[in-house]
Amino acid sequence: MPANRKKPEELRSYRWYGVNDLRSFGHRSRTAQMGYHSSDYMGKPVIAVVNTWSEINSCHTHFKQRVEEVKRGIWQAGGFPVEMPVMTLAEPFQKPTTMLYRNFLAMETEELLKSYPFDGCVLMGGCDKTTPGLLMGAISMDLPAIYLPAGPMLRGNWNGRTLGSGSDTWKYWAELRAGKITEDEWKGIESGIARSPGHCMTMGTASTMTSATEALGLTLPGFSSIPAADSRHAQYASLTGQRIVEMVWTDQKPSDILTAKSFDNAVTTVLAMSGSTNAIVHLVAVARRAGIDLTTARFDELARVTPVLGNIRPAGQYLMEDFYYAGGLRALLAELGELIDGTQMTVNGQTLGENIAGAEIFNDDVIRKRGNPLVERDGLAVLTGNLAPDGAVIKPAAMEAHLLKHRGPAVVFRDYNDMAARIDSEDLDVTADSVIVLQHAGPVGAPGMPEWGQLPIPQKLLRQGVRDMLRISDARMSGTSYGACVLHVAPESFVGGPLALVKDGDIIELDVAARRLHVDVDDEELAARKQAWQPPKRPFERGFGVMHQLHVTQANKGCDFDFLEEKLTVSSDTNRDEPEIH
């Protein structure tokens, strides 16, 4: 981070406002038209407050208030705030999947920051794909940027039982299908599972990615753990607004913070909480935007030495509200000790080690000590084999132990509709030892790699008491999901990956300890099947979807667009990221 402070005429916004020419006249006069005096903005950092609020995004309902608190902090610190709405990725509502639009949000964020007179930005996000989308765009533009996490919602409650969003949805849906609860009980769960603003309070993708972002150094220390409804969340919003102004003056950009070691910190954090499998796809994509080659192999390498300390659903027992009261992320990072590189810089101008110094655990059942982990290792695991040459992922901590090594016959569904039509048929040839396989659920084929990966257990097996079985797909699954679900199989079946060649009855072998995923079909037979394979019709014929299916990368590369993966090298004489002003 540069030691020298910028002068007002060195601000990026000065090119719009400070020059004595016709265009600057227009910029100043139109700003006056909005009721601002030149003293409000001239010579001051102009801050984009990138707001993903909308009336359909339940995770961000409080952002209408939080944005005012961010602006207050910016004004207090001598900046000029400008609220900029961007696409909202509302996980429960947007179809076919928010993942289809993560890169859209990333592109919008980058172009918004590039094309307007902004010196820095506050990124307001939280719901699953929002966090990586905002980060990817901001990293590519590389203006000073700070992330404001939405915060988890409060615990759910039904008849005195604590409910976790997502995780208990899947649990009680299975019980309803098995005939173990009534429709009235199901409706009671519906009314009690989400009780406040904020994202999922389980260790789903939202909590995982906001925690990872704090570990990366892009969020004020401690912020990611604060529940959305807590008054301290509003206080931190104001502090975030204050801090971004100082970051502009000192020119502290993402490129000054993000290193291979800071990404290791983020990965270790995800693993120590047995976080969402989606974090693998997202962190790989975010890292590649920063020019850092984070691989799935690195996730697996760190998984072998990282204990699971966060006792949070779905892998554990508690919820994010409990995690906050137990000491939050700062306490967990401090307990990880030497597994975290404390020398890495963060947005508050201090190192990560300085930020977590003295953090205490107040409940060592919620945040376990190193000597008493929830699981000794393997919060997540990366598999390879002839069924997944470029890898697949699984969450060992959230599956039944007897399935960690399993061998069984495949029951294959060619797509989601085929599965929905046949999965509960009494005629389906399936047992608890079978391996359910879903094809055409990947980045191109689904489209957008939806969260279908927690494939439903056939109803007749549910009635027999089966609650977990081996399931394989090229889909993702919600971070709130659980079970023996192999995900992100790469390359995907839609583009001719080996998953497309699996037939009913093929024997599939999983060995998590050996990191092996294998279909017991010889190479000659697989080659013959590949020769006979016909590529399916692509799902889109127009619009953004065509761009997606032509340019999206596979899961092991982060599912970014191939033309956006790494920022262009800026030549010494021309900044190609900056627009000309005419």
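The values are calculated or read from the model by the stated rules, or taken from the named source; none is laboratory data. Not measured: the values here are computed from a predicted model. In this analysis, Cβ positions are derived from the backbone assuming ideal geometry, glycine residues included, and neighbour counts consider all displayed protein chains.
Where in region 135-211 are there strands (runs of 3 or more DSSP E), lying wholly inside it, with at least 2 residues that are closer than 30 Å to Ser13 by Cα and touching a helix residue (DSSP H, G or I) at 6+ places or on another chain (Cβ under 8 Å)?
Ranges flagged: 145-149.
Output the number of the condition that Glu108 fails; it satisfies all remaining conditions of (1) part of a strand (DSSP E or B); (2) under 18 Å from the mean Cα position of the chain (by Cα).
Glu108 satisfies all of (1) part of a strand (DSSP E or B); (2) under 18 Å from the mean Cα position of the chain (by Cα) except (1).
So Thr202 fits all but one of (1) in contact with a strand residue (DSSP E or B) (Cβ under 8 Å, 6 or more places away or on another chain); (2) not assigned by TED's automatic domain parsing to the domain that holds Asp230; what number is the exception?
That leaves (2) as the condition not met.
Sort out which residues of region 1-28 are of a type in the set (A, V, I, L, M, F, W, C) and not in a loop (DSSP other than H, G, I, E, B), and write them in order of number.
Trp16, Leu22, Phe25
Does Gly391 count as closer than 29 Å to Ala285 by Cβ and not acidic (Asp, Glu)?
yes
For region 367-401, which positions are over 14 Å from Leu470 (Cα atoms), of a type outside the set (A, V, I, L, M, F, W, C) and part of a loop (DSSP other than H, G, I, E, B)?
Across region 367-401, the qualifying residues are Arg368, Lys369, Arg370, Gly371, Asn372, Pro373, Glu376, Arg377, Asp378, Gly379, Asn386.
Conditions: (1) out of contact with any helix residue (DSSP H, G or I) (no Cβ under 9 Å at 6 or more places or on another chain); (2) surrounded by fewer than 16 Cβ atoms within 10 Å (Cβ to Cβ). Ala357 meets all but one. Number of the miss?
Here Ala357 meets the rest and fails (1).
Checking the condition modelled with pLDDT under 95 and touching a helix residue (DSSP H, G or I) at 6+ places or on another chain (Cβ under 8 Å), which residue from Ala432, Ala398, Ala446 passes?
Within the list Ala432, Ala398, Ala446, the selection yields Ala446.
Kindly check whether there is at least one residue in region 520-536 that is over 27 Å from His282 (Cβ atoms), among the polar types (S, T, N, Q) and not in a helix (DSSP H, G or I).
Checked against the condition, which is being over 27 Å from His282 (Cβ atoms), among the polar types (S, T, N, Q) and not in a helix (DSSP H, G or I), region 520-536 yields at least one hit.
Yes or no, residue by residue, for (1) crowded, with 20+ Cβ neighbours inside 10 Å; (2) more than 25 Å from the chain's Cα centre (by Cα); (3) under 30 Å from Asn4 (Cα atoms); (4) of a type in the set (A, V, I, L, M):
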| site | (1), (2), (3), (4) |
| --- | --- |
| Thr182 | no, yes, no, no |
| Ile193 | yes, no, no, yes |
| Pro227 | yes, no, no, no |
| Ala237 | yes, no, yes, yes |
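Residues in region 479-504 that are hydroxyl-bearing (Ser, Thr, Tyr) and in a helix (DSSP H, G or I): how many?
1
For the subset of region 317-337 comprising residues that are closer than 10 Å to Ile367 by Cβ and not in a helix (DSSP H, G or I), which member is nearest to the chain's Cα centre (by Cα)?
Residue satisfying both the conditions and the ranking: Tyr318.
Quick test of your reading of the structure: Thr31 fulfils all but one of (1) hydroxyl-bearing (Ser, Thr, Tyr); (2) surrounded by fewer than 23 Cβ atoms within 10 Å (Cβ to Cβ); (3) assigned to a loop (DSSP other than H, G, I, E, B). Name the failing condition by number.
Status for Thr31: all satisfied but (3).
Out of Thr98, Thr131, which single residue is buried (at least 24 other Cβ atoms within 10 Å of the Cβ) and touching a strand residue (DSSP E or B) at 6+ places or on another chain (Cβ under 8 Å)?
Going through Thr98, Thr131 in turn, just one is buried (at least 24 other Cβ atoms within 10 Å of the Cβ) and touching a strand residue (DSSP E or B) at 6+ places or on another chain (Cβ under 8 Å): Thr131.
Restricting the search to region 486-518, which residues are on the phi > 0 side of the Ramachandran plot and either among the basic types (Lys, Arg) or surrounded by 24 or more Cβ atoms within 10 Å (Cβ to Cβ) (or both)? Walk me through it before giving the result.
Here is the first cut: in region 486-518, the residues on the phi > 0 side of the Ramachandran plot are 488, 496, 505, 515.
Once the filter is applied, which keeps residues that are on the phi > 0 side of the Ramachandran plot and either among the basic types (Lys, Arg) or surrounded by 24 or more Cβ atoms within 10 Å (Cβ to Cβ) (or both), region 486-518 yields His488, Arg515.
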